[in-house]
Amino acid sequence: MYHEIISLKRQTHLSLEEQKEKLAQIVKSYLSARAPHQLAFGMIHDDHTEHLHFHLVISSNQIESTGRVRLSKEQFSEIQTHLERHVLTHYPELNQKAVFFGNLTAEQKEAKQSKARLSNQGAELKRRTGKTPKRDEVKATLEAIFSTSTTPQAFTESMNEAGFTFYQRGKHAGIQDRDGKKYRFATLGLAEPWATFDATMRASMSQHHTPKKAHSSVSVQSDTATAKATDTDQHTPNDRILRETVIGGMVAETLDSMKDLLNDATDFNSWEAEQQRRLKQMQERREQQAKDRQTHHHGQGYKPKP
């Protein structure tokens with residue numbers, strides 16, 4: 001099965017029901033292009049103040065077929081770009097912003113290409129002088145922190161050691177170094193690694209501090225939509241890191257959440273226990289076979305080499 005999400009930024013000039021109806025229409029258009037011959041189950045979520053999103057669970061095979069349907073990266077990108085263009089053209093009242101390059105204005109394309117040129121200039125500087133641009137050093141350090149931190153506390157300690165302070169301003173998250181220079185995760189090319197790390201920390205904190213299930217998701221979005229974190233009280237940087245580490249955009253829905261959506265899902269815990277039991281039996285058989293072979297060799301006067 002594939003789990004995907006279509007999300008829209010909420011609008012104050014439209015009623016909630018109007019926005020839900022338009023989102024449902026957009027989802028139908030998406031499924032017509034994405035999975036015209038596959039089964040799909042969906043549910044709308046309106047529990048976020050900044051956006052509406054529609055969860056979809058799509059069968060990996062077509063109806064009456066056992067073959068898995070796979071889309072190439074290019075095909076999937078084309079479907080996303082086309083859907084975004086469809087929304088921008090036919091639903092202007094939703095005031096969504098273009099994300100995919102093919103739907104950007106000439107000015108937006110130039111700005112994006114200019115940013116790419118700056119990145120290339122940093123690479124050229126490294127080639128000529130052997131010096132790594134500060135931006136690349138910050139990125140490498142953050143990548144290491146994301147890959148090694150397994151708890152919010154470990155993340156806090158690693159950030160302190162690196163001299164970084166985490167910050168969140170609306171939909172933008174990033175760090176500030178000792179010199180006061182700010183780096184956004186998105187401009188460092190770390191938007192996706194941050195979203196993955198954020199989801200992991202969110203699940204970790206939920207398991208230890210709340211009785212409710214953590215809702216995480218890997219979003220496949222045709223429109224820009226990220227959750228907004230606002231600062232309403234004052235805390236130390238460490239307190240804010242611990243509290244806000246796991247805040248940020250659409251995050252992925254866990255396997256448990258997908259099973260909750262499907263009423264006919266099998267009992268995962270029983271299945272897992274059965275697999276563990278079979279594995280234990282296989283290990284015990286192999287150990288017994290090894291003992292039997294050793295006994296057989298000793299019976300024939302076999303002696304191991306010194």
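The values are calculated or read from the model by the stated rules, or taken from the named source; none is laboratory data. In this text, all values refer to a predicted model and were calculated from it rather than measured experimentally. Note that each Cβ is placed from the backbone with ideal geometry, even for glycine, and that neighbours are counted across all protein chains shown. Calculation scope for accessible area: heavy atoms of the full protein, side chains included, ligands and nucleic acids excluded. Shrake-Rupley method; radii C 1.70, N 1.55, O 1.52, S 1.80 Å.
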Picked from the stretch 24-78 (must be open to solvent by less than 30 Å² (accessible area, probe 1.4 Å), part of a helix (DSSP H, G or I) and not basic (Lys, Arg)), the residue nearest to residue 95 (Cα to Cα) is 26
Checked pairs for the stretch 136-152, first over 20 Å from residue 181 (Cα atoms), second open to solvent by less than 60 Å² (accessible area, probe 1.4 Å) and assigned to a loop (DSSP other than H, G, I, E, B), C-beta under 7 Å and 6 or more apart or across chains, list as 152/245
- Message: Taking the criterion of being in a loop (DSSP other than H, G, I, E, B) and at pLDDT 85 or above, would at least one residue in the stretch 121-136 satisfy it?
- Response: no
Taking the stretch 161-170 and the residues there that are touching a residue at least 12 places away in the same chain (Cβ under 8 Å) and under 12 Å from residue 141 (Cα atoms), the one that is surrounded by the fewest Cβ atoms within 10 Å (Cβ to Cβ) would be 163
The residue that is farthest from residue 5 (Cα to Cα), considering only those in the stretch 92-108 that are touching a strand residue (DSSP E or B) at 6+ places or on another chain (Cβ under 9 Å) and not in a helix (DSSP H, G or I), is 95
ask   = Does residue 112 satisfy the criteria of being at pLDDT below 80 and exposed (fewer than 15 other Cβ atoms within 10 Å of the Cβ)?
value = yes
Selection over the stretch 1-17 where residues are under 11 Å from residue 91 (Cβ atoms) and either modelled with pLDDT of 95 or more or of a type outside the set (S, T, N, Q) (or both) yields a count of 2
Given the structure, is residue 81 modelled with pLDDT under 95, at negative phi and part of a loop (DSSP other than H, G, I, E, B)? no
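The rows are residues; the columns are (1) more than 28 Å from residue 170 (Cβ to Cβ); (2) at pLDDT 95 or above; (3) hydrophobic (A, V, I, L, M, F, W, C).
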| site | (1), (2), (3) |
| --- | --- |
| 26 | no, yes, yes |
| 45 | no, no, no |
| 52 | no, no, yes |
| 65 | yes, no, no |
| 71 | yes, no, yes |
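Sort out for me the strands (runs of 3 or more DSSP E) sitting completely within the stretch 140-216 that have 2 or more residues that are touching a helix residue (DSSP H, G or I) at 6+ places or on another chain (Cβ under 6 Å) and at pLDDT 85 or above.
165-169
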